[in-house]
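The values are calculated or read from the model by the stated rules, or taken from the named source; none is laboratory data. These numbers were taken from a predicted model, which means no experiment stands behind them. The area values use the complete protein model at the heavy-atom level, side chains included, leaving out ligands, DNA and RNA. Shrake-Rupley method; radii C 1.70, N 1.55, O 1.52, S 1.80 Å.
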Amino acid sequence: MTPHELVVDITDRFGPRPATSTSERHAAEWFAQQCDQYGLAVEIQEFDTTRSSGFSLALLYFLPLIPILASRFTREIPFVNWLWVILLAACIVLLALQLRGRSFLNAIFPKGPSQNVVARCNDGTTGDKLRKVVFVSHLDTPFVSPLNTEATATLHRRLTDYAFYYLLAALPLLAFLAFDFDFMEFTLFDVAIDLQLWLWVLLAILSVVPAILALDALVMSLLRKQSPGANDSASGLAVLLSMVEALARERGGTIESHEFSTASMSAVSADEQLRQASDLDQPGLTDWLELDDMFDTRADAHASNSTFGPWETLDSNTGSFEATSAAPAQRTTVTQPMRTVANIGGLSSGMYGLEGFSAMLDGKEVWFVATGARHADAAGMQALLYEYGEELRDALIVNLESVGLGNLQWYTREGAPLTVSISSRVMSLAKRAAREKDLRISPYKGVTGITDATPALTHHHKAGTITRLLSKGFPEAYRTVDDFADATDAVVLDETVQFALEFLAQA
C-alpha cells in the first residue's frame, strides 16, 4: 500500500481510537503484525492509564478558584487565609505538572489498559555500540473539546497561557490580602475605600478564564466526541510502516527474522484473556491455527479460514487480514511467512539503491514505536522511557505527528506554558535531511502543548517533533470530528516518508 492508502485503511478499519479503548488495542496489534511480517523484533508493552486528561484538567482549573473566592469570606480569620494561600500554591504546582504531562490527579480517576508497540531492526550486529534512532508515532486519537478544535485552537492556547500566569500572579496578591493591613481601608474625598475588596473583585473577575477552561475540559470528558484521527494519528503510523517496507524491499524483502513476543500484560485489562496472556504458554501462529510448517498464506487461506486477531481473517487473494468479529482464545507468537514486498508511494527501488540502505543501517539500531495514550498526558511515551530510558539515553528520538498535509516543520518548544526546547541534534539533522531531498522545512516558533517528544525532552533525551502545519500554526483537521483520510494528501505523505528515510541516513 502507498502511505495514503495506509491512512485510509487505518482510519476505515479502526475508526476513533481513544486511549484504553478496544479499537486502540486492535490498532496496536495490527501495527505489530505489520512490522513482524517484515521480520522486525516486535514487542507490545502494556501499561495502565486514564482515557484522557479532561477530568484532571477540569479539577485543576476549578480548585484554584476556591481559595481565591473564599478568601473574602474568611477575612477575619488569619489562620484560614494563610491556608488558602498554601492551597493555591499547591494547585498551581499540580496544574504546572499536569500541563507538562506529569499528572498526580490521574491516580484518583479510573484507569484502563493501553499499550506501546516497539519494533526494532539493525544491520545484523548486536552490542551497546549501536547508535539508536527511534521513530515514534501514536496510535490513539483525541476526544474533541468545544474550545480546543481547529477553529478555536489559537484562542484555547492563549487562554491556557493566560490562566496559568494569572494564577501565578494571584498567589502573591492572595498572600498580600492575608496580611490584612490597616492601610487597605482609607477615606478619599470623604469616600470610604476598601482596597482589599477591590483587589478581591479584580481577582474574582479574572477567574472567569480558568473557569471557562475547566468547563471546556469537563464538557469534553462528558460528551466524549471522538476524532477519527486520520491526520492526527494514522498519518504518522503510515509513515512508519512505509519506512519499514522501504527498508525491507531494499534488503531483499526482509530485514532479519525475529520472534514476536508480548511484554507483561496489565493486571486490570478489560479483556480477561488478554490480561492473562503473559502468563500463558504463547504458541506460534502456525501452532495456534493448527497449520503445518509448510503453510502458505495464499494457497491455504480458504482451507484454514482462521483468525489472527480479534478482528481479522486472512484474505486469500492478497495475503492480508480483514475484519471479523471472531476472537482467539489467547495472544500469539507470530512465525508466519514473509509477505511479498510491494512498491510504495513513488519510493522506487532505486531511490537509494541497496548500498544506500545498507549504509543507512550500518552501525544503527532503528526503533519504530507506536505509542498508546498520547492524548492522555503522553502516558505511552512515559511508559516507554520508564522501561527503556537507560537503553535510550543516547538515542535520537523523532516524533512524527500530523504529517499528512501542510508545511513541514518542527516544534521549537513543547509543553506550554512551561516549555522545553527541541534537541539541537534533531533540529540539525532535520535541516540536513530536508536539504538533501529538496524539501523545505522550518521551525514553528510558537509554543505547543504536550507531544510524545515532551516527556523525552523533559528527561533530557535528544528528541523533537516533526509535523506539518497550516499557516495558522495547527495541523489540518486539528482535534476535529472531520479528521478523515481526505484531510491528508498522497504526495505530501510520500515526501514525509522520503524525509524520514533521509533523516535516518544522516543520523
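Quick note on the range 37-186: its Rg to Rh ratio, both from C-alpha atoms and Rh being the Kirkwood radius, is 1.18. The HN-Hα couplings worked out from phi for the range 414-429 by the Karplus form 6.51 cos²θ - 1.76 cosθ + 1.60 (θ = phi - 60°) are 10, x, 4, x, 9, 9, 10, 9, 4, 5, 5, 5, 5, 5, 5, 5 Hz, whole numbers, x standing for Gly and Pro. For the range 104-121, 3J(HN,Hα) computed residue by residue from phi via the Karplus equation (6.51, -1.76, 1.60; θ = phi - 60°) reads 8, 6, 4, 5, 8, 9, x, 10, x, x, 10, 7, 9, 10, 10, 10, 10, 8 Hz, glycine and proline entered as x.
Seen from a random direction on average, the alpha-carbon convex hull of the range 78-152 projects onto 10.7 square nanometres.
Per atom type, the range 39-150 shows carbon and sulfur on 68% of its accessible surface, probed at 1.4 Å. Taking all protein chains into account, the per residue accessible area for the range 39-127 stands at 42 Å² (1.4 Å probe). Enclosing the Cα atoms of the range 21-84 in their convex hull gives a volume equal to 115 cubic angstrom per residue.
Pairs with C-alpha atoms separated by more than 31 Å, drawn from the list K132/K445; K129/K445; K364/K431, are K129/K445.
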